[in-house]
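Asks: Once you've had a glance at the structure underneath, I'll fire off some questions.
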Amino acid sequence: MVFDFSESSEKQAEEKAAGPVCTYETFHSESNTSDKEHPIMVLDAVSEMPHHLAGQFSDPDKRTAFEFSEEKEKISADVLSIDSRFTGLLHWLGSNSIRVRLSLTKVKEGYAVTAIREVNSGSIDKLSAEDGFLQYMIGRLLEGRAHEDQMLDEDQDIDGDEMKLTSLQSITDFLECAGSTLPENIRLWARRNLAVARSREISPEEKRHAQRALSIMLNIQWKGDYFEPIDPVEARKILDEELYGLENVKQRIIETIIQINRTHTLPAYGLLLIGPAGIGKSQIAYAVARILKLPWATLDMSAIHDSEQLTGSSRVYSNAKPGSIMEAFSMAGESNLVFIINELDKADSRTSTGGNPADALLTLLDNLGYTDNYMECTIPTTGVYPIATANERDRISAPLMSRFAVINIPDYTADEKKVIFTKFSLPKVLKRMGMDPAECVVTPEAVDVVVRQFSGESGVRDLEQAAEHMAANALYRIETEGVSKVTFDAEMTEKLLG
C-alpha cells in the first residue's frame, strides 16, 4: 500500500490557510436542565455511538469536533449545533485538551449530548478529581442565559453546587466558559479586575482586593428579571398555613402574584408592613419568599449607624470590605431575592456622621442598579423584591415611604389571639419539641388565662413563649412522673405563668 503524503500535506496546508473550521450553528435555550429535548450540543452521527463516549474536543482553533477512538481507529464527529450558553465551555475544553465522557442520546439530527463529565486520561469510567469544577460551571450555565451569541444524567455523583470560585485560575476558567451569562457591565468589570489581580505592577493589597471582589461577584448567580407564573391557589394555601387572619395583607400579596403572572416581572414597589412589634411582620415576608421561590436576606436597620455600612468602604483602605447590601447578595447566592428590611423607621439616622443610611437605601429601592464602594460596579436590582417592616409610621421619611405599597397591620383582638394560640402557636411548639398533641392538652379556660396574662402586650410572640413554657413543663412531668399526658386547666396555667 502506497500513501500519498504529498496530497495529505497539501490538504493540511489548505486547511491551515483557510483558518479554523466552525462546524456548528448555535441555538438558544433557557431550560435549566439538559435532556434529549434540551441538549447541550448535537454531534454528527459518523458511526453508531454508545450511550457513554470518552474522548476530547478538538482544538477549537482548528475544528469544532469531538475526537474519540473506536477499535483502535481515531474518529472525529463534528459539532453540528450547540446551546449558545455553552460555546465558551466548548472552547475551554478543546483549548485545554480536557478528556471528558459524554452522555449521548440518538436524535434525528445525530447524537444529543445531555451530560459532560471530566474523566481521568486513562479511564472511561473513573471521574477526574477536577470534575466538580466542570459540573459547577455546567450548572451555572444551565441556570443562566446567554447575553450574547457565542445536566446532568442519572449517573451524576458529584455536585458542583458547593464549589466556590476563589483562586485566580478558577475565576479565569469560569470567565472563559461562562462569561457570556453575566450582565455585560459585570463581564467587563470582571475582566478589568482580573487584569488588576494578575498584574505585577500593582501592590499586593490592591491585587488581594481585586481577587476578593471577583470571588464575591462571580459566586452570585446573576439571573434575568423574567419570572415564571405562580399559582395563586398555592400562594393562598401558603399564606393560610403561615398566617391567621390579616385578610388585607393576604389580598395584597395575591394581587402582587397576579401582577407578576401578567407582566412576568416584579412590581415596581415592594411592601411596607407597619404595625406593633410581634404581630408577625417578618413571618409575612418569609411567606412571600416561599411563594416566589426566592432566597431571602435580612437587613436590620437598628444596627446600621451610617451609610458606609450599607454601601461598603473604598479599596484604598487595607480593611476595606463590601457593604451589608452586597453581602446579602453574596449570602443569597443569586441576584433575585426577597430583601427584608427590618425596622425601616430607624433608617433615618440624621445624627450620624457617616451619612444617612436612608439615602443609601433609596438607590436599592429605585430598581435602577445599586453601586457598592468596594465592588466599584453597578449591581442590577430588577430581581429584588423589598419587604420592609416598621413599628412607627411617623418616623419614616416621605422619600422612603413613596418606594413602597404601605399596609397597616392592627394588633390582634383577644378572640384572634385565642385561635392563634390554639391552632398555630401550641401545635408549632409541640412539633418542634417532638411531642404528640395528646401529651399536652390546654383547656379553653386555660387558653383564656394565657391571653389575659398577656393582654397588655402587642403581637403574638408572648403566646408562643407561653406555649413553649407549658409544653416543656408537660414534657418534664411525663419524663419524671411517668404520666402519659398533662392537661392544663385555668388554675394550673395561672400558677405556671404567674
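Asks: What is the Rg over Rh value, at two decimals, for the chain, using alpha-carbon atoms and the Kirkwood definition of Rh?
Replies: For the chain, the value is 1.10.
Asks: Viscosity 0.890 mPa s, temperature 25 °C: Stokes-Einstein D of segment 269-372 from its Kirkwood Cα radius, in µm² per second? Don't skip to the answer; put the middle values down first.
Replies: Details: Rh = 14.6 Å.
The diffusion coefficient I find is 168 µm²/s.
Asks: Computed on alpha carbon atoms, what radius of gyration and Dmax characterise segment 19-157, expressed in Å?
Replies: Calculated on Cα positions, Rg and Dmax stand at 13.8, 42 Å.
Asks: Over segment 363-486, calculate the relative contact order: mean separation of alpha carbon pairs under 8 Å at least 6 apart, over the residue count, as a percent.
Replies: Relative contact order here is 21 percent.
Asks: Here's another thing I want to ask about it. Just to verify a number: FRET efficiency for residue 27 and residue 226, C-beta to C-beta distance, R0 = 22 Å, to 0.05? If you can, show how the numbers build up before the last one.
Replies: On the way: r = 19 Å, r/R0 = 0.85.
Between residue 27 and residue 226 the formula returns 0.75.
Asks: Can you tell me the dipole magnitude for the chain around its Cα centre, using point charges on the Cβ only (Lys, Arg +1; Asp, Glu -1), in Debye to the nearest 20? Before the final figure, lay out each step's value.
Replies: Working: 52 positive and 79 negative charges, 226 e Å.
In total the dipole reaches around 1080 debye.
Asks: Quick one: what do you get for segment 165-251 if you divide its Cα Rg by 2.2 N^0.38 Å?
Replies: For segment 165-251, the normalised Cα radius of gyration is 1.75.
Asks: Next question, about the same structure. Rounded to the nearest 500, what is the 222 nm mean residue ellipticity of the chain from helices alone, with -39500 (n - 2.57) per DSSP H run of 4+ residues and division by all residues?
Replies: Mean residue ellipticity, 222 nm, calculated: -12000 deg cm²/dmol.
Asks: Going down the table (223/428; 237/418; 106/223; 423/495; 281/495), which pairs top 30 Å between alpha carbons? Provide the component values of the computation, followed by the final result.
Replies: Working: 223/428 35 Å; 237/418 22 Å; 106/223 32 Å; 423/495 23 Å; 281/495 32 Å.
With Cα atoms farther than 30 Å apart: 223/428; 106/223; 281/495.
Asks: Where does segment 414-497 land on Rg/Rh, using Cα atoms and the Kirkwood Rh?
Replies: We get a ratio of 0.95 for segment 414-497.
Asks: Round to a whole angstrom and tell me the spacing of the C-alpha centers of segment 429-478 and segment 28-80.
Replies: So the separation of the two Cα centres works out to 63 Å.
Asks: For segment 31-97, what is one quarter of the convex hull surface built on the Cα atoms, given in nm²?
Replies: 5.0 nm²
Asks: Between residue 108 and residue 376, take the C-beta separation as r, use R0 = 60 Å, and let me know the FRET efficiency to the nearest 0.05.
Replies: 0.75
Asks: Now, a different point. Using the count of nearby Cβ atoms within 10 Å as a rough guide to exposure, how do 95, 203 rank from fewest to most?
Replies: Arranged by neighbour count, lowest to highest, 95, 203 become 203, 95.
Asks: Residue 188 to residue 76: FRET efficiency via 1/(1 + (r/R0)^6), r the Cβ-Cβ distance, R0 45 Å, to the nearest 0.05?
Replies: The calculated FRET efficiency here is 0.80.
Asks: Would you mind checking 293/346; 431/485; 36/108 for any pair whose Cα atoms are more than 18 angstrom apart?
Replies: Checking Cα-Cα distances, 293/346 exceed 18 Å.
Asks: Bin all alpha-carbon pair distances of segment 232-408 at 10 Å intervals from 0 and give each bin's fraction as a whole percent.
Replies: 10, 38, 35, 14, 3, 0
Asks: Normalised by the number of residues in segment 44-85, what is the relative contact order in percent for Cα pairs under 8 Å and 6+ residues apart?
Replies: This gives 34 percent for segment 44-85.
Asks: Another question, if that's okay. Which whole-Hz couplings ³J(HN,Hα) result when phi for each residue of segment 175-190 is put into the Karplus expression 6.51 cos²θ - 1.76 cosθ + 1.60, θ = phi - 60°, listed in order with x for Gly and Pro?
Replies: Listing the rounded values in order: 4, 5, 7, 10, x, 5, 7, 7, x, 4, 5, 6, 4, 5, 4, 5 Hz.
Asks: Based on DSSP, what percent of beta bridges with both residues in segment 307-459 are antiparallel, to the nearest 5?
Replies: Within segment 307-459, antiparallel bridges account for around 40 percent of the total.
Asks: Could you check what % of the DSSP bridge pairs in the chain are antiparallel, to the nearest 5?
Replies: Rounded to the nearest five, the antiparallel share is 55 percent.
Asks: Would you be so kind as to identify which of 399, 378, 336 lies farthest towards the positive end of the dipole of segment 232-408, taking Lys and Arg as +1 and Asp and Glu as -1 on Cβ and the Cα centre as origin?
Replies: 336
Asks: For segment 183-250, which trypsin sites (Lys or Arg not before Pro) are both in a DSSP coil and crowded by at most 15 other Cβ atoms within 10 Å? Write out the running numbers ahead of the final one.
Replies: Details: sites: 187, 191, 192, 198, 200, 207, 208, 212, 223, 236, 237, 250; in loops: 200, 223.
The qualifying sites are 200.
Since every read-out is calculated from the coordinates, none of them should be taken as a lab result. Everything numeric in this text was worked out from a predicted model, so none of it was measured. Positions of Cβ are backbone-derived with ideal geometry, glycine not excepted, and every protein chain shown enters the neighbour counts.
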